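Visitor: Please find one structure pasted underneath; my questions will follow.
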Amino acid sequence: MTTTTSSDTQVQVVKPTVASHLHDYWGRVRGGDIGSLPAVLGLIVLCLVFGIARPTFFSATNFANLFPQGAAVIFIAMGLVFVLLLGEIDLSAGFASGVCGAVMALLMADHGWSWYTAIPAALVTGLVIGFVLGFLVAKLGIPSFVVTLAGFLAFQGILLVLLSGGKIVSIRETFVLSLANKNVPAVWSWIIAIIAIAAYAGVQFLKVRNRAVRGLVTDPMGIVLARIAGLAVLLLVAVAVLTKERSINPLVISVKGVPIVAPIIAVVLVVWTFVLGRTAYGRHIYAVGGNTEGARRAGIPVDRIRISVFVIGSFMAAIGGIIAASRANSVDPNSGGSNVLLYAVGAAVIGGTSLFGGKGRVFDAVIGGAVIAVIDNGMGLMGFSSGTKFIFTGLILLLAASVDALSRRRASATGNR
Amino acid sequence: MAATPLLELRGIDKSFGPVQVLHDVGLSIYPGEVTALVGDNGAGKSTLVKCISGIYTIDAGTVTFDGNQVAVNSPRDAAELGIEVVYQDLALCDNLDIVQNMFLGREKKRGLVLDEPTMEQMAGETLASLSVRTVKSLRQLVASLSGGQRQTVAIAKAVLWNSRVVILDEPTAALGVAQTAQVLELVRRLADNGLGVALISHNMNDVFAVSDRIVALYLGRTAAQVKTTDVTHSQVVELITAGRSGTIGLPPEKPAGAAGYTDITPPGADA
């Protein structure tokens, strides 16, 4: 099954085959390193259950709706992954997104700014909020729970003040509205999907080649090809479904193509995954989350890293707020309120990001956000009330947190923390 | 035996608020030798190490490295000089793999991107040069390693940087017999490769097994710096527990803050 290579100058290594690679993966899963596996399986089960109970769940229209429905939560959750990686929490992300959305909406509606100045203003608002939170946590040493709980209340207040006691600001700027409500033309949908697959394949092959040239262990070709094929099938099927005509009356207006938010999510996902996985900064985030003192002794500026994750968290909340405002066509005093924050934390945790720090990926936010969007959407189709949806989502979150805690315990038992 | 010390500390004072932890401490580390740093709990060993590595800044005293007086104000300064510390609690990140841990804080980059192949290759070569062949994969998480393997990774991490001085804080404290022997062998090999090695240990067997010199700390003072061959087990224990043994060590009733440690063993001090 495995061939052993050894030489005098290198540590003895085992060259993996497809079988041994899968065996190793299964070993890690059994050892408690499960990643997003429960979320992926849960997503499949939920889709099947809802699809069988309500066949409209699988319609192209409903599938397309899932993206804008889940997008705001996914963006906020992506930011929360960074905060959670340090074992911190940001409870203010929901209302921070509301404040940033309101800043954008007010600048456009009341001050006549156009989208290309109003959106950066909202993003900068997010950066400032994150810096303040991070500074209080890192430099003053106030627990992030308390700082962001205060932020939760204060930002809710700021939102009310900005909207002068409760008016609703509607958005008319077509660019902003199109972000969450329009689709990429069918042709471009295909082109983007094919470019994405080609780029992924290129990166994978380049990685294998770079390692092979140095005589390092590479993933078996079978696994690499399977990964590329998997992504290709997933993307092509999704695009095929989404480029079908979804309009009730195609003669009046044609609705087809991939929702614009989908490629935005994909780009943001790739950027942050790159930052976390391929840069020294990302490596340092994991190090601080895994062993703060060890990171400090390695010369990593722990405080700066801590501030920066809150900055990223609130920046992503700002993006979430913009998308939410776009989808609702307006901003009101409850933007970013009610379930937004808990759904976002839930998305990150359900996706496999640990609440204990040091473990998690940006992809977790996407898969977890998809689970939450599917629950919300599917239970809505089945006619359950909001109350029942909240209870069910709460139970799923509890389940995910238990999986996290149990896998952690399992991991420490097998020496695989 | 080298004549000039690679790293020399003189008159080091360190206080935490009203508590003075180190009084006028001196320590010399010679290339190609293992210097054992011994002392009871609270004698100031760990504080001294943290001062050397730049985690704490010293209040008074001089640090001389390779003949030049230097200021070590941060772990980075120490690393640039070539001083590496392997801590008792290892300071490895469980959630990172062997290569990631070995390069933590000093990652090799190509532009903005981490240069993983180079790092993996260098890590593999370093481990091989230390005759470590027990790890399954360099991409194994440190969490899945045994105590001895972790210690090995921590030491390899220190060696990776062509360091000149390696300070090991209780490297064998949590290890079994076989693993202890392996780690001590590794410590000896570091010195034989020309590095200055400081070994902090509570275990007299370890100290006498590998060290060339012994420095005993007693209540934040240097009680003695002696050659291992010049003293016996029980003398070292006395130095640790009472600060003096016969004519070696701190003079009795000496007022606090006064310099007073013996640098060499007077002949005939054998008890």
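Visitor: Starting from the 7 Å offset along Cα-to-Cβ, what nm value, one decimal, do you get for the label separation of A:ALA198 and B:SER15?
Guide: Placing both labels 7 Å along Cα→Cβ, they lie 7.1 nm apart.
Visitor: Here's something else I'd like to know. For B:ILE248, which sequence-distant residues (separation of 5 or more, or a different chain) have an amide H within less than 5 Å of its own amide H, given hydrogens modelled in the peptide plane?
Guide: It is none; the list stays empty.
Visitor: What is the local net charge at B:TYR87, summed over the other residues whose Cβ is closer than 13 Å to its Cβ (Lys, Arg +1; Asp, Glu -1)? Before the final figure, lay out the partial values.
Guide: Working: positive: A:ARG296, A:ARG297, B:LYS45, B:LYS50, B:ARG150, B:LYS157; negative: A:GLU293, B:GLU84, B:ASP89, B:ASP169, B:GLU170.
Residues near B:TYR87 contribute +1 overall.
Visitor: While we're on this one: Under 8 Å for C-alpha pairs, at least 6 residues apart: give me the relative contact order for chain A, rounded to a whole percent.
Guide: Numbers: 668 pairs, mean separation 145.7, N = 417.
In percent, rounded to a whole number, it is 35.
Visitor: Which whole number gives the average, over all residues in B:74-87, of C-beta atoms from other chains lying within 10 Å of the residue C-beta?
Guide: 1
Visitor: With a 10 Å cut-off between alpha carbons and a GNM built on chain A, which of A:GLY215, A:GLY313, A:GLY378 moves the most?
Guide: Of A:GLY215, A:GLY313, A:GLY378, the most mobile in the Gaussian network model is A:GLY215.
Visitor: 7 Å from Cα along Cα→Cβ at both A:LEU398 and A:LEU37: what's the point-to-point distance in nm?
Guide: 2.5 nm
Visitor: Then there's this: Among B:SER53, B:SER131, B:SER201, whose mean-square fluctuation peaks in a Gaussian network model of chain B (Cα, cutoff 10 Å)?
Guide: B:SER131
Visitor: So for the range A:74-157, Kirkwood radius off the Cα pairs, Stokes-Einstein at 37 °C and 0.692 mPa s: how many µm² s⁻¹? Please report the intermediate quantities before stating the final value.
Guide: Working: Rh = 13.4 Å.
The Stokes-Einstein estimate is 245 µm²/s.
Visitor: Need one number: convex hull volume per residue for chain B, Cα atoms only, in Å³. Can you show the working numbers first?
Guide: Values: hull volume 35.9 nm³, N = 271.
So the per-residue hull volume is 133 Å³.
Visitor: Around A:VAL258, what is the net charge, scoring Lys/Arg as +1 and Asp/Glu as -1 over all other residues with Cβ under 13 Å from its Cβ? Could you put the intermediate results ahead of the total?
Guide: Values: positive: A:LYS182, A:LYS244, A:ARG246, A:LYS256; negative: none.
Net of charged neighbours comes to +4.
Visitor: Tell me the relative contact order for the range A:183-258 as a rounded percent, counting alpha carbon contacts under 8 Å between residues six or more apart. Please report the intermediate quantities before stating the final value.
Guide: On the way: 55 pairs, mean separation 35.2, N = 76.
In percent, rounded to a whole number, it is 46.
Visitor: Report, in deg cm²/dmol and to the nearest 500, the calculated mean residue ellipticity at 222 nm for chain A, where each DSSP H run with n ≥ 4 adds -39500 (n - 2.57) and the sum is divided by the residue count.
Guide: Working: 16 runs with 296 residues, N = 417.
Helix contribution divided over all residues of chain A: -24000 deg cm²/dmol.
Visitor: Over 14 Å, how big is the tail of the calculated P(r) for the range A:156-208, in percent of all Cα pairs? Each step should come with its number before you reach the end.
Guide: On the way: 1011 of 1378 pairs.
That fraction is 73 percent.
Visitor: Report for the protein assembly as shown the percent antiparallel among DSSP-assigned beta bridges with both residues inside it, nearest 5. Please report the intermediate quantities before stating the final value.
Guide: Numbers: 32 of 51 bridges.
Around 65 percent of the beta bridges assigned by DSSP in the protein assembly as shown are antiparallel ones.
Visitor: Here's a follow-up. I need A:CYS47, A:CYS100 ordered by Cβ neighbour count within 10 Å, fewest first.
Guide: Working: A:CYS47 17, A:CYS100 35.
By the 10 Å Cβ count, ascending: A:CYS47, A:CYS100.
Visitor: Then there's this: Amide H neighbours of B:LYS108 under 5 Å, counting only residues 5+ apart in sequence or on other chains, H built in-plane at 1.01 Å?
Guide: Answer set, sorted by chain and number: B:ASP115.
Visitor: Moving on to the next point. Please name which of A:ALA229, A:VAL213, A:VAL258 has its Cα lying farthest along the dipole of the range A:183-258 towards the positive end, using unit charges on Cβ (Lys, Arg +1; Asp, Glu -1) and the Cα centre as origin.
Guide: A:VAL213
Visitor: Let's see if you can work this out: charge +1 on each Lys and Arg Cβ, -1 on each Asp and Glu Cβ, no other charges. What is the dipole magnitude of the protein assembly as shown about its Cα centre, in debye to the nearest 20? Don't skip to the answer; put the middle values down first.
Guide: Numbers: 52 positive and 44 negative charges, 451 e Å.
With only Lys, Arg, Asp and Glu charged at Cβ, the dipole is about 2160 debye.
Visitor: Another one. Which log10 I(q)/I(0) values, to two decimals, does the range A:337-417 give at q = 0.11, 0.14, 0.17 Å⁻¹ under the Debye formula with one point per Cα?
Guide: Values, matching the q order: -0.32, -0.49, -0.67.
Visitor: Using the Karplus curve 6.51 cos²θ - 1.76 cosθ + 1.60 with θ = phi - 60°, what ³J(HN,Hα) values do you get for each residue of the range A:219-232, in whole Hz, with x for Gly and Pro?
Guide: So the Karplus estimates, Gly and Pro as x, are 5, x, 4, x, 5, 4, 5, 4, 4, 5, 4, x, 4, 4 Hz.
Visitor: Please list, in order along the range A:180-190, the HN-Hα scalar couplings obtained from phi with the Karplus expression 6.51 cos²θ - 1.76 cosθ + 1.60 (θ = phi - 60°), rounded to whole Hz, x for Gly and Pro.
Guide: 9, 10, 10, 10, 6, x, 3, 4, 5, 4, 5
Visitor: Mind running the shape call on the range B:141-192? Use the C-alpha gyration tensor, a ≥ b ≥ c as the square roots of the eigenvalues: rounded below 1.5 for a/c, prolate if a/b tops b/c, oblate otherwise. Don't skip to the answer; put the middle values down first.
Guide: Numbers: a/c = 2.14, a/b = 1.29, b/c = 1.66.
Since a/c reaches 1.5 but b/c is at least a/b, the shape of the range B:141-192 is classed as oblate.
Visitor: Give me the percent of DSSP beta bridges within the range B:163-260 that run antiparallel, rounded to the nearest 5.
Guide: Working: 8 of 13 bridges.
Approximately 60 percent, going by the DSSP bridge assignments.
Visitor: If each of A:ARG209 and A:ILE44 carries a label point 7 Å out from its Cα toward its Cβ, how far apart are those two points in nm?
Guide: My value for the distance between the label points is 3.3 nm.
Visitor: Taking K and R as +1 and D and E as -1, what net charge do the other residues with C-beta under 15 Å from the C-beta of A:LYS207 add up to?
Guide: Result for the local shell: +3.
Visitor: Further question on the same structure: Show log10 I(q)/I(0) for the protein assembly as shown at q = 0.08 Å⁻¹, two decimals, from a solvent-free Debye sum over equal Cα scatterers.
Guide: With no solvent term, the Cα-only Debye profile gives -0.72.
Visitor: Below 8 Å between Cα atoms, with a sequence gap of 6+, how large is the relative contact order for chain B in percent? Please report the intermediate quantities before stating the final value.
Guide: Details: 534 pairs, mean separation 66.1, N = 271.
After rounding, I find 24 percent.
Visitor: OK, next. Given a 10 angstrom Cα cut-off, can you work out which residue in A:LEU381, A:LEU216, A:LEU398 is the most mobile in a GNM of chain A?
Guide: Most flexible of the set in this elastic network: A:LEU216.
Visitor: Within 10 Å of each Cβ in A:213-224, how many Cβ atoms from other chains are there, averaged over the peptide? Walk me through the numbers on the way to the answer.
Guide: Numbers: counts 1, 6, 3, 8, 5, 0, 0, 0, 0, 0, 0, 0.
What the average comes to for A:213-224 is 2.
Visitor: Within the range B:216-249, whose backbone N sits under 20 Å from a point 7 Å along Cα→Cβ of B:THR62?
Guide: The answer is B:222, B:225, whose backbone nitrogens lie closer than 20 Å to the label point.
Visitor: Can you list the residues, at least 5 places off or on another chain, whose amide H is less than 5 Å from the amide H of B:TYR218, using H built in the peptide plane?
Guide: HN-HN under 5 Å from B:TYR218: B:ALA223.
Visitor: In addition: How large is the translational diffusion coefficient of the range A:50-196 in µm² per second when you combine the Kirkwood radius over alpha carbon pairs with Stokes-Einstein at 10 °C and 1.306 mPa s?
Guide: Details: Rh = 17.8 Å.
It comes out at roughly 89 µm²/s.
Visitor: Looking at the range A:183-258, what % of the alpha carbon pairs are farther apart than 16 Å? Each step should come with its number before you reach the end.
Guide: Working: 1686 of 2850 pairs.
When every Cα pair of the range A:183-258 is considered, 59 percent fall beyond 16 Å.
Visitor: Rounded to the nearest 500, what is chain B's calculated 222 nm mean residue ellipticity when only DSSP H runs of at least 4 contribute -39500 (n - 2.57) each, over all residues?
Guide: Values: 8 runs with 80 residues, N = 271.
Estimated from H runs of four or more residues: -8500 deg cm²/dmol.
Visitor: For the range A:275-417, divide the Cα radius of gyration by the Kirkwood radius and give the resulting Rg/Rh value with two decimals.
Guide: Values: Rg = 17.6 Å, Rh = 17.1 Å.
My calculation of the ratio gives 1.03.
Quick note: the coordinates plus some simple rules give every number you see, no bench work behind them. Bear in mind the structure is a predicted one, so any value in this text is a computation, not a measurement. All Cβ positions, glycine included, derive from the backbone under ideal geometry; neighbour counts span all protein chains shown.
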